[in-house]
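As structure tokens, the structure follows; a few thoughts come after it.
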Amino acid sequence: MDLSIEDSKAVRSGAGLAVLVICLAIAFRCAIDCSLAMMNNSLTGTLLVVGYADDILDDMDRLRVDQRAFLSTGNDCFSDGIYESATSMLVDLDALEKLRLQSRALRGQILRVSDSVHSALDLVGRSNELEQSDGTSVALALLDGDANNSIEDARAGAVELKRLATDRILYRIQPSRILRYALAALF
């Protein structure tokens, strides 16, 4: 019986097994890379949320100070600050709403922040109207004694949004680090 090495079932099985292992390793590597890319996109989006929430907090603080100063002094330079703060917050909210976030909690909190920021801006508008019709003291009383605390609600919502996003980042970092170590060890 003349058996050559090429005809050996063991050699063919071994070669087939080697090809299978190589294909599985390549598929595993592609799946891990795709998973890491999705995780990276998620982290990037969540970092953007933190940045926008910080900007909204800063703008809300500036809005409160400038509106109070404008009502007290009537100086137009404060109205410019009010306009800039309001515009910046609306741009940040628009950017937040356009992010494609996976987290329902983040999306829901973004909507709550949007509603509360719009309420705070409505309060500023009402206080301006009252200042024109009833005087500065009435407008300041509305701003200081806002029954529904629009400005504080907007600030609290932005703080909660920032906390949720930060928690999500911290939750994502640990598995990402483990995956990278596993990839480095395998490849």
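The values are calculated or read from the model by the stated rules, or taken from the named source; none is laboratory data. Only a predicted model underlies this, so the values are computations on that prediction, with no experimental measurement involved. Cβ placement follows ideal geometry from the backbone for every residue including glycine, while neighbour counts extend to all protein chains displayed.
Observations on the model:
- Those residues of segment 94-105 which are surrounded by fewer than 20 Cβ atoms within 10 Å (Cβ to Cβ) and assigned to a helix (DSSP H, G or I), in sequence order: Asp94, Ala95, Glu97, Lys98, Arg104, Ala105
- Hits in segment 73-101 (condition: at pLDDT 90 or above and over 16 Å from Asp58 (Cβ atoms)): Asp94
- Some residue of segment 45-59 being in a helix (DSSP H, G or I), within 24 Å of Ile110 (Cα to Cα), at pLDDT below 80 and within 22 Å of the chain's Cα centre (by Cα): yes
- Listed by first and then second residue, the pairs linking a residue in segment 56-84 that is in contact (Cβ under 8 Å) with a residue 60 or more places away in the chain to a residue that is in a helix (DSSP H, G or I) and among the hydroxyl-bearing types (Ser, Thr, Tyr), with Cβ atoms under 6 Å apart and 6 or more places separating them unless they lie on different chains, are Leu63/Ser85; Leu71/Thr136.
- Scanning segment 79-89 for residues that are surrounded by fewer than 16 Cβ atoms within 10 Å (Cβ to Cβ) and more than 13 Å from Gly125 (Cβ to Cβ) yields Asp80, Glu84, Thr87.
- Restricting Arg68, Arg104 to those that are under 26 Å from Tyr171 (Cβ atoms) and at pLDDT below 90 reduces the list to Arg104.
- If you go through segment 124-156 and keep only what is farther than 17 Å from Val49 by Cα, assigned to a helix (DSSP H, G or I) and either at pLDDT 90 or above or among the charged types (D, E, K, R) (or both), you end up with Arg126, Glu129, Glu131, Asp134, Asp144, Glu152, Asp153.
- Exactly one residue out of Asp33, Asp7 is closer than 30 Å to Ala95 by Cα, over 19 Å from the mean Cα position of the chain (by Cα) and at pLDDT below 80: that is Asp33.
- Segment 60-78, residues that are within 14 Å of Thr136 (Cβ to Cβ) and in a helix (DSSP H, G or I): Gln67, Arg68, Ala69, Phe70, Leu71, Ser72, Thr73, Phe78
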